[in-house]
Amino acid sequence: MLDRAAAVIVVSQAERGRIAELYPQAAAQLTVVPPGVDGEVFRPRGGGAERPYVLFVGPAGRLKGLALALAALERISAKVPHRLVVVGGPSAVLAGGRRWPAVPAALRRRVDFLGPIADTSRLAGLYAGADALVLPSRYESFGLPALEAMACGTVVVCSDLPALAELLGPAGVRVRGDVPEAWAGALESVLTDPVRRKELEAKSLHRAAEFSWRRCAERTLQVLRRAAES
């Protein structure tokens, strides 16, 4: 099907490279059109949360790395007052036969599982109120939660994956591997240094401004026109 298509839209250069490697015959048809973010919804709200927290957005399971986020925060729980707020869809969890990872004893009263949140305004408020978004994914084709967090002026601490490196640019903190101590150090460096956090927040907003749904629509239209003319 790929080699018969006049054009194939992918969301990142990293994803394009991956697909081209698997289907080299379709490489010429692949065009990168990154998604956008609604800047009127996902934006800084001003003022911090009464109880500081780190945000995790995603389903349970090894792919998104919630257990790693818990292990990292456990290691710095005596140094920072932050809770971990988890936003995710239980329907996705149940469909895969998975459950949320066990919460370490040190975090027993400091983890909030909010379940799915369909209200984008409420979700944006959670992004904006967090001191950091933690995203220890083992694979991402783009990383929409990272973009939404950056648009809200929130620092992203994420896996050093090609797609996330492409998305974040100079913003955020990337961590290699799945060693909890490395993730703990990265989180601590953001949560305990307000000056550095402010610098990263400014970089995040600047980077997120490069991604809009208008730009996405314009690029998509260009691809469709070229495909129609071919």
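The values are calculated or read from the model by the stated rules, or taken from the named source; none is laboratory data. All of these numbers come straight from a predicted model, not from anything done at the bench. Neighbour counts run over all protein chains shown; Cβ positions are idealised from the backbone, glycine included.
Can you tell me which residue in segment 50-76 is modelled with the lowest pLDDT, limited to those that are farther than 19 Å from S159 by Cα and surrounded by fewer than 17 Cβ atoms within 10 Å (Cβ to Cβ)? Step through it out loud before you land on a result.
Looking only at segment 50-76, we keep the residues that are farther than 19 Å from S159 by Cα, and these are 50-53.
Going one step further and asking which of them are surrounded by fewer than 17 Cβ atoms within 10 Å (Cβ to Cβ), we end up with 50-52.
Working: E50: 81, R51: 91, P52: 96.
By that ranking, first place goes to E50.
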>> Residues that are within 30 Å of F113 (Cβ to Cβ): list the strands (runs of 3 or more DSSP E) wholly contained in segment 1-58 that include at least 1 such residues.
In response: 53-57
>> Of the conditions (1) part of a helix (DSSP H, G or I); (2) of a type outside the set (S, T, N, Q); (3) modelled with pLDDT under 85, W100 satisfies every one except a single condition; which number is it?
In response: (1)
>> For segment 104-128: of the residues being in contact with a Lys or Arg (Cβ under 7 Å, 6 or more places away or on another chain) and of a type outside the set (A, V, I, L, M, F, W, C), which is farthest from V33 (Cα to Cα)?
In response: R110
> Given Y139, Y127, which one is outside the structural domain of E15 (by TED's automatic domain parsing), at negative phi and exposed (fewer than 15 other Cβ atoms within 10 Å of the Cβ)?
Replying inline: Y139
> Within the set of pairs 6+ apart or on separate chains, which have a first residue in segment 1-26 that is not assigned by TED's automatic domain parsing to the domain that holds A165, a second that is outside any helix (DSSP H, G or I) and loosely packed, with under 13 Cβ neighbours inside 10 Å, and C-beta atoms under 8 Å apart?
Replying inline: A6/S230; A7/S230; A26/A5
> What are the residues in segment 110-123 that are within 20 Å of V190 (Cβ to Cβ) and surrounded by 16 or more Cβ atoms within 10 Å (Cβ to Cβ), if any?
Replying inline: R110, V111
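Would it be correct to say that V10 is within 15 Å of the chain's Cα centre (by Cα), crowded, with 17+ Cβ neighbours inside 10 Å and not basic (K, R)? Working first, answer last.
Numbers: within 15 Å of the chain's Cα centre (by Cα): no; crowded, with 17+ Cβ neighbours inside 10 Å: yes; not basic (K, R): yes.
When the stated conditions are applied, V10 does not pass them.
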> Could we say that G61 is of a type in the set (G, A, S), more than 22 Å from G169 (Cα to Cα), outside the structural domain of D160 (by TED's automatic domain parsing) and assigned to a loop (DSSP other than H, G, I, E, B) here?
Replying inline: no
> Scanning segment 154-164 for residues that are in a helix (DSSP H, G or I) and under 11 Å from the mean Cα position of the chain (by Cα), which turns out farthest from G46 (Cα to Cα)?
Replying inline: A163
